[in-house]
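Trainee: Provided herewith is a single structure, encoded as structure tokens, for subsequent inquiry.
The values are calculated or read from the model by the stated rules, or taken from the named source; none is laboratory data. Here the structure is a predicted model, which means the values were calculated and not measured. Note that each Cβ is placed from the backbone with ideal geometry, even for glycine, and that neighbours are counted across all protein chains shown. When the accessible area is computed, the model is the full protein with side chains, heavy atoms only, and any ligands, DNA or RNA have been set aside. Shrake-Rupley method; radii C 1.70, N 1.55, O 1.52, S 1.80 Å.
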Amino acid sequence: MTMPEPSAPRPGRTGRRTAFALALLAIVVCGVGLTLRTAAAHADEHPAGALAALLALGCAGAAVLRGRHRLRGAFGATAGWLGDRAAPAPEAVPPVDYTAMDAAEFERAIAELCVRDGCTDVRVVGGAGDLGADVLATAPDGRRLVVQCKRYLPDHKVGSQDLQRFGGTCFTIHGAHIAALVTTSDFTGPALEYAARSGILCLDARALDAWTDGGAAPPWRQVGGGAE
């Protein structure tokens, strides 16, 4: 059997309890002060009165403790009520799973990243006869961006032949100022060496995730030569 969850205290009821506790404390403090003054003034003349005053002081102390406990409970209830409603937990944003996309969806996703980060004239041109270019765009600094997208599984790395085919067209055919090859996998060592010699920017799966999440600069800000 499922037990219903206790309802949160209402703000009005909590406010009345807090005001009552404060008033009780004020009365008790005033009474304690008066009792102490009376006991000190008549201790020699009326011992019995002094004893009665001490007993009253003890009762007042107990009342103070009860009042502090009630006040603490009232403030705790108020803080709990505000905390439950004023600061709801943010919803988690699921990461983008590029490997679940097909090739066309992956190209569109990269184009959307370019648009999000300020590129203009963004076009998806991948397909038969694309001559190595999947996404064309103009970076915010005016340079021409040419991107090739390789949606590979993690165990299928981008090899040097992929980079060589892209390098043979990205600058001479497409007039790239910035050439980038983006993959959901990784690059072989020879592929990275060719890219470094040719001036091609390589973004593997981790670099792509960082760009997507905003943890890394977009490709055109990783390559010098422009002024944003």
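Trainee: Quick one: count up the residues across the stretch 107-146 that are open to solvent by less than 30 Å² (accessible area, probe 1.4 Å), in contact with a Gly (Cβ under 8 Å, 6 or more places away or on another chain) and more than 15 Å from residue 174 (Cα to Cα).
Mentor: Total satisfying the criteria: 1.
Trainee: Quick one: residue 199 ticks every box in (1) at positive phi; (2) within 28 Å of the chain's Cα centre (by Cα); (3) at pLDDT 95 or above except a single one, so which number is it?
Mentor: (2)
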